């Protein structure tokens, strides 16, 4: 949800000013990075769900 919200805000306020555009692009890239990094954990979690020792 954070990635989607960051992207929506970025595209709404991108044409406001150069400084705000720079901040919004950083927010959008942060949201994409969070999405990519957190998508790594579910496969690892479900891989070891049947073997709680690992």
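Inside the stretch 3-28, residues that are in a helix (DSSP H, G or I) and surrounded by 12 or more Cβ atoms within 10 Å (Cβ to Cβ) make up a count of 15.
Scanning the stretch 29-43 for residues being in contact with a helix residue (DSSP H, G or I) (Cβ under 8 Å, 6 or more places away or on another chain) and outside any helix (DSSP H, G or I) gives a total of 0.
Out of everything in the stretch 44-54 that is in a loop (DSSP other than H, G, I, E, B) and surrounded by fewer than 10 Cβ atoms within 10 Å (Cβ to Cβ), what residue ends up being modelled with the lowest pLDDT?
Pass one, the stretch 44-54, residues in a loop (DSSP other than H, G, I, E, B): 48-54.
Going one step further and asking which of them are surrounded by fewer than 10 Cβ atoms within 10 Å (Cβ to Cβ), we end up with 49-54.
Details: 49: 78, 50: 78, 51: 71, 52: 68, 53: 68, 54: 59.
Looking at residues that are in a loop (DSSP other than H, G, I, E, B) and surrounded by fewer than 10 Cβ atoms within 10 Å (Cβ to Cβ), I get 54.
The values are calculated or read from the model by the stated rules, or taken from the named source; none is laboratory data. Computed from a predicted structure; not experimentally measured. In this analysis, Cβ positions are derived from the backbone assuming ideal geometry, glycine residues included, and neighbour counts consider all displayed protein chains.
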